[in-house]
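The structure appears below as structure tokens.
The values are calculated or read from the model by the stated rules, or taken from the named source; none is laboratory data. The structure presented is a predicted model; accordingly, all values stated were derived computationally and were not measured. Don't worry about glycine lacking a Cβ; one is built from the backbone with ideal geometry, like all the others, and counts go over all protein chains shown. The accessibility values were calculated without ligands, DNA or RNA, using every heavy atom of the protein model including side chains. Shrake-Rupley method; radii C 1.70, N 1.55, O 1.52, S 1.80 Å.
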Amino acid sequence: MIFDADTHMSPYKNFPEAPSAQELDAILENAHVDKAVCWLLPQGVDDVSESNRYIYQNCKKLPRFVPFGWANVMEGEEKAVRDAITCLDEYGFRGVKINGAQNYYPIDCLPAMHVCEEIAKRKGIIAFHIGYDEPLMTSPFRAATVANAFPETPVLMIHMGGASPCEKNNARTVIDVAKLCPNMLLIGSAIGTADVRTAIDELGPQRVMFGSDAPFNDPAKCIADYQEMLAGYPEDTRRQVLYQTAYDTFCK
């Protein structure tokens, strides 16, 4: 059983790798992915509302997907708050993603904190892009500010400080910060499996989950890399990382 905790779909074709809902579903079917979290693909998106609506409408037809929202404070704080509330209250999404790299703002700035407050009020999940592509805007210390402000709210650190074209990362800092914030969970997408192994060993498999970052990476290749990395672990640990942590986070 495979649960991919990081995939993207798009209603647009303004980015070469942007898959429609049906195209992404086919990609994941071919990779033998059973369930997947899906959020919008941010490249070239000026208004996240349309993409959130597209995800809502299409994921109702595609049972593989757990739909997840997006809010961008660069579109205005009031709109970002409205987008988060719509995703949670009207669409029934499990949470909302905040991406300070693609949308370019500090993830613990005051407007973003107001969005996080609305997510926490509704018992949603807060997801952050934590990447070396924008290490200042998406610092794990900024994520810790949010995690400490809302200690009952799950806070996801997607990419674990990776997602960098130069292949550098700050996974060591991400793991150390997560040790201090028990409500943080890590999605090991767009980062080497050696760093994921360290996170599993130091945080436990209940706080680490598989992600491919499809369509930017091939899910089948990512699954194979994880299975190779997990080969020496007990079956319970392999299942936890590849499926159960994500299922417990998004589906319970």
Taking region 227-249 and keeping residues within 19 Å of HIS159 (Cβ to Cβ) and surrounded by fewer than 21 Cβ atoms within 10 Å (Cβ to Cβ) leaves MET229
Within region 174-198, of all residues that are in contact (Cβ under 8 Å) with a residue 60 or more places away in the chain and not small (Gly, Ala, Ser), the one most open to solvent (accessible area, probe 1.4 Å) is LEU185
A careful count of residues in region 45-59 that are at pLDDT below 95 and more than 11 Å from PRO11 (Cα to Cα) gives 1
Residue count, region 52-73, condition under 19 Å from the mean Cα position of the chain (by Cα), free of Cβ contacts under 8 Å to residues at least 40 places away in the same chain, surrounded by fewer than 19 Cβ atoms within 10 Å (Cβ to Cβ) and not in a loop (DSSP other than H, G, I, E, B), comes to 2
Screening PRO154, PRO165 for residues that are under 17 Å from the mean Cα position of the chain (by Cα) and either within 28 Å of ASP89 (Cα to Cα) or free of Cβ contacts under 8 Å to residues at least 40 places away in the same chain (or both) leaves only PRO154
Only one of PHE68, PHE15 is within 24 Å of PHE128 (Cβ to Cβ), among the aromatic types (Phe, Trp, Tyr) and at pLDDT below 95, namely PHE15
When region 84-100 is checked residue by residue, the ones that are in contact with a helix residue (DSSP H, G or I) (Cβ under 6 Å, 6 or more places away or on another chain) and charged (D, E, K, R) are ARG94
Pairing a residue in region 78-94 that is closer than 17 Å to GLU50 by Cβ with any residue that is of a type in the set (Ser, Thr, Tyr) and part of a helix (DSSP H, G or I), where Cβ atoms lie under 6 Å and the two sit 6 or more apart in sequence or on different chains, gives ASP83/SER49; TYR91/TYR56
When restricted to SER20, SER49, the only residue surrounded by fewer than 23 Cβ atoms within 10 Å (Cβ to Cβ) and closer than 24 Å to VAL146 by Cα is SER49
Of the residues in region 199-214, those that are farther than 13 Å from VAL37 by Cα and either in contact (Cβ under 8 Å) with a residue 24 or more places away in the chain or assigned to a loop (DSSP other than H, G, I, E, B) (or both) come to ALA199, ILE200, GLU202, LEU203, GLY204, PRO205, GLN206, ARG207, VAL208
Inside region 173-198, the number of residues satisfying the requirement of being in a helix (DSSP H, G or I), among the hydroxyl-bearing types (Ser, Thr, Tyr) and touching a Gly at 6+ places or on another chain (Cβ under 9 Å) is 1
